[in-house]
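Accompanying notes for the structure given below.
Read-outs throughout are calculated quantities, based only on the coordinates presented, and are distinct from any laboratory measurement. Computed from a predicted structure; not experimentally measured. All Cβ positions, even for glycine, are placed from backbone atoms using ideal geometry, and neighbour counts span all protein chains on display.
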Amino acid sequence: MYQRLRAHAGPWDMIVVGGGATGAGVAIDGATRGYDVLLLEQSDFGKGTSSRSTKLVHGGVRYLEQGNVSLVMEALKERGLLLQNAPHLVRNLGFVVPNYDWWEAPFYGIGLKLYNLLAGKYGFGASRILSKEETLERLPTLNTEGLRGGVIYFDGQFDDSRLLINLVATAYEQGAVLLNYAPVTDVTRDGEGFVDGVVVRDMETGEEFHAQGKVVVNATGPFCDDLRRKADPSVQPMIAPSQGIHLVFDASFLSGDSAIMVPHTSDGRVMFAIPWHGHTLVGTTDTPIPAATLEPVALEQEIEFILSTASLYLAKKPVRGDVLSVFAGIRPLVRSGDSGNTAALSRDHTIRIENSGLVTICGGKWTTYRHMAEDCVNQAATLARLPEKPCVTRHLNVHGFHPGSDKFGHLSVYGSDAPGVQSLGLAEPLHPALPYTGAEVVWAVRHEMARTLEDVLARRTRALFLNARAAIEMAPAVAHLCARELERSSQWETDQVQSFTETARNYLP
Ligand SMILES: Cc1cc2nc3c(=O)[nH]c(=O)nc-3n(C[C@H](O)[C@H](O)[C@H](O)COP(=O)(O)OP(=O)(O)OC[C@H]3O[C@@H](n4cnc5c(N)ncnc54)[C@H](O)[C@@H]3O)c2cc1C
């Protein structure tokens with residue numbers, strides 16, 4: 001990657017700051033139109049919100065209830081495109097809304113029929129009302145007290161950070177240069193005060209360098225106000241950060257292959273319990289917070305809220321000791337006036353062209369990253385007077401594209417890379433509680449730009465998100481493999497294990 005960087009002469013057509021879903025999407029879109037693109041991520045790709053989602057590729061049933069039909073239709077179309085373009089990472093999953101009151105079946109039955117109708121040719125399957133017996137067949141571990149039946153609908157599920165790593169690879173294959181551990185510390189301006197580049201620090205060497213760009217895209221998600229202020233200290237903040245957490249349990253809490261969707265929790269939100277990588281993922285919350293941080297920590301009341309809500313619907317009531325991992329993420333919600341309630345803020349994306357010429361894109365959701373990128377590159381290219389080129393990402397295969405990757409078992413998320421991972425040998429799991437092998441560690445370092453122990457345990461594999469204690473226990477063995485691949489010292493290994501363990505403690509409830 002650094003070779004490509006050094007070989008580059010003159011200004012970049014487009015510099016993208018932020019290596020989450022939004023930035024990676026913009027990099028792919030720009031590169032496939034033939035523009036010269038440089039993407040800079042301050043930490044690891046996906047360290048921000050994009051590895052901390054509910055893992056749904058969805059239209060958002062809740063937004064339908066709020067009457068936001070166009071948002072739902074757009075997201076449902078993107079859901080269909082993503083399933084076509086990354087079939088190794090997105091799957092169709094049945095979601096059951098359990099009914100405990102007489103009115104719920106017809107009410108949700110009609111709403112969810114509409115949800116499927118709006119998807120048109122991108123539909124994932126017809127929703128229908130289930131009897132009590134059918135509901136329990138799908139969800140054998142549901143609380144049966146007062147249960148009348150359910151409504152089933154279909155939506156997408158994915159692995160967020162694996163998709164991100166594959167998007168980075170896709171952008172690279174299309175000619176973009178993408179660096180992790182390269183924070184943008186400042187922006188530079190031309191004689192007229194317009195942003196014309198960025199100052200970047202290489203975290204590994206400590207060196208700073210200047211990159212010039214015809215346009216700079218700020219895709220730093222919940223952090224976007226920091227860069228906006230660097231470009232123009234007088235701007236008003238546009239983000240109202242809100243935290244959402246998830247708890248992860250073992251698979252016994254949700255046996256069967258369907259998810260539970262609770263349309264109205266006691267705080268008026270939606271809650272999901274989803275089978276994910278052989279575990280049960282439950283979330284989420286919506287807690288306004290003062291400022292975004294890279295490693296947000298779940299609040300006590302958020303953990304209690306999810307445990308108590310899950311206990312209403314699951315036959316086996318989860319308690320604190322059952323939690324294998326708890327992770328928090330920050331929504332980059334765009335402010336709309338002075339509402340104190342972030343659940344009501346816009347989930348739509350916003351593109352703002354500042355007086356300084358900085359282009360900021362934020363909001364939206366993972367599901368719509370491609371469409372957001374298309375909008376953003378249209379605007380950025382016009383602003384930078386780049387030659388007009390059409391967007392081509394609608395039917396662009398994502399790196400790893402493989403429609404039949406299920407046959408690779410837990411390596412299915414690697415898609416067409418799975419045989420390459422298998423060819424490395426080292427096929428023994430590194431921990432009895434998780435399937436991850438030494439081959440995946442080596443692959444992550446050699447082919448997926450993993451630079452630290454945490455990159456491997458949190459975002460190339462999902463060990464930290466599935467079982468924090470197991471991740472801590474396997475850390476020394478993984479650090480050893482990483483050190484060998486990266487030619488690092490035994491002191492590096494020790495430091496990595498220590499710093500990872502400190503971070504991972506926040507994932508233990
Ligand atoms: C709890 C929760 C659940 C969600 N669930 C879903 C879901 O199920 N489905 C769905 O579609 N969407 C979901 N979303 C929304 C989705 O996750 C986000 O919209 C999306 O990940 C935002 O991506 P982003 O790239 O804009 O931000 P981020 O992923 O946060 O990326 C921004 C990046 O910018 C980097 N950065 C910041 N400052 C600098 C700098 N100075 N220099 C270089 N880099 C910098 C950060 O390190 C970070 O990696 C959820 C969000 C939350 C919080």
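What's the center-to-center distance, using Cα atoms, between the stretch 170-206 and the stretch 82-107 in Å?
40 Å
Given the peptides 294-302, 52-60, 472-480, arrange them by the average over their residues of other C-beta atoms within 10 Å, most packed first.
Values: 294-302: 15.8, 52-60: 25.2, 472-480: 20.8.
Put in order of decreasing packing, that is 52-60, 472-480, 294-302.
Highest first, please rank the peptides 365-374, 348-357, 305-314 by the mean number of other Cβ atoms sitting within 10 Å of their residues. Don't skip to the end; give the middle numbers.
Values: 365-374: 25.3, 348-357: 17.2, 305-314: 18.8.
Packing order, densest peptide first, comes out as 365-374, 305-314, 348-357.
Can you report the principal axis dimensions of the stretch 105-248 using only the alpha carbons, biggest first, rounded to whole angstrom?
Answer, in whole Å and largest first: 70, 36, 34 Å.
Within a 10 angstrom radius of the beta carbon, how do Phe408, Phe209, Phe465, Phe124 rank from fewest other beta carbons to most?
On the way: Phe408 19, Phe209 12, Phe465 28, Phe124 24.
With the sparsest Cβ surroundings first, the list reads Phe209, Phe408, Phe124, Phe465.
With a cut-off of 8 Å between alpha carbons and a minimum separation of six or more residues, what is the relative contact order of the stretch 405-505 in percent?
Numbers: 107 pairs, mean separation 21.4, N = 101.
With pairs under 8 Å counted, the relative contact order is 21 percent.
Kindly identify the stretch 57-151 as rounded, prolate or oblate by the Cα gyration tensor criterion: order the square roots of the eigenvalues as a ≥ b ≥ c, call it rounded if a/c is under 1.5, otherwise compare a/b with b/c, prolate if a/b is larger, else oblate. Spell out each step's value before the answer.
Details: a/c = 2.68, a/b = 1.56, b/c = 1.72.
Verdict is oblate for the stretch 57-151.
Divide, for the chain, the radius of gyration over alpha carbons by 2.2 N^0.38 Å, where N is the residue count.
Details: Rg = 22.4 Å, N = 509, 2.2 N^0.38 = 23.5 Å.
Cα Rg divided by the expected 2.2 N^0.38 Å: 0.95.
May I ask for the distance between the Cα centers of the stretch 360-438 and the stretch 114-164, given as a whole number of Å?
25 Å
By count of other Cβ within 10 Å, fewest leading, how are Ser255, Ser234 ordered? Present the calculation step by step, with values, prior to reporting the outcome.
Values: Ser255 13, Ser234 7.
Ordered by Cβ neighbours within 10 Å, fewest first: Ser234, Ser255.
Using the structure shown, select from Lys214/Lys365; Lys77/Lys316; Lys77/Lys214; Lys121/Lys407; Lys132/Lys316 the pairs with a Cα to Cα distance greater than 30 angstrom.
Numbers: Lys214/Lys365 27 Å; Lys77/Lys316 37 Å; Lys77/Lys214 32 Å; Lys121/Lys407 27 Å; Lys132/Lys316 18 Å.
In this structure, Lys77/Lys316; Lys77/Lys214 lie more than 30 Å apart at Cα.
Along the charge dipole of the chain, which of Thr368, Ile306, Leu324 sits closest to the positive end, that is, farthest toward it, with unit charges on the beta carbon of Lys, Arg, Asp and Glu (+1, +1, -1, -1)?
Farthest along the dipole direction, towards plus: Thr368.
When a footprinting reagent is the concern and you count Cβ atoms within 10 Å, what order do Leu358, Leu411, Leu64, Leu383 take, fewest first? Mind showing how you got there, number by number?
Numbers: Leu358 26, Leu411 23, Leu64 19, Leu383 16.
Taking fewest neighbouring Cβ atoms as first place, the list is Leu383, Leu64, Leu411, Leu358.
What is the spread of the Cα atoms of the stretch 360-430 along each of their three principal axes, largest first, in whole Å?
52, 25, 20
Given the alpha-carbon gyration tensor of the stretch 405-505, what are the semi-axes of its equivalent ellipsoid in whole angstrom, ordered largest first, with each equal to the square root of 5 times an eigenvalue? Walk me through the numbers on the way to the answer.
Numbers: eigenvalues 93, 47, 23 Å².
Equivalent ellipsoid of the stretch 405-505: 22, 15, 11 Å, largest first.
Quick one: which residues, 5+ away or cross-chain, put their amide H under 5 Å from the amide H of Leu358? H built at 1.01 Å from N.
Val195
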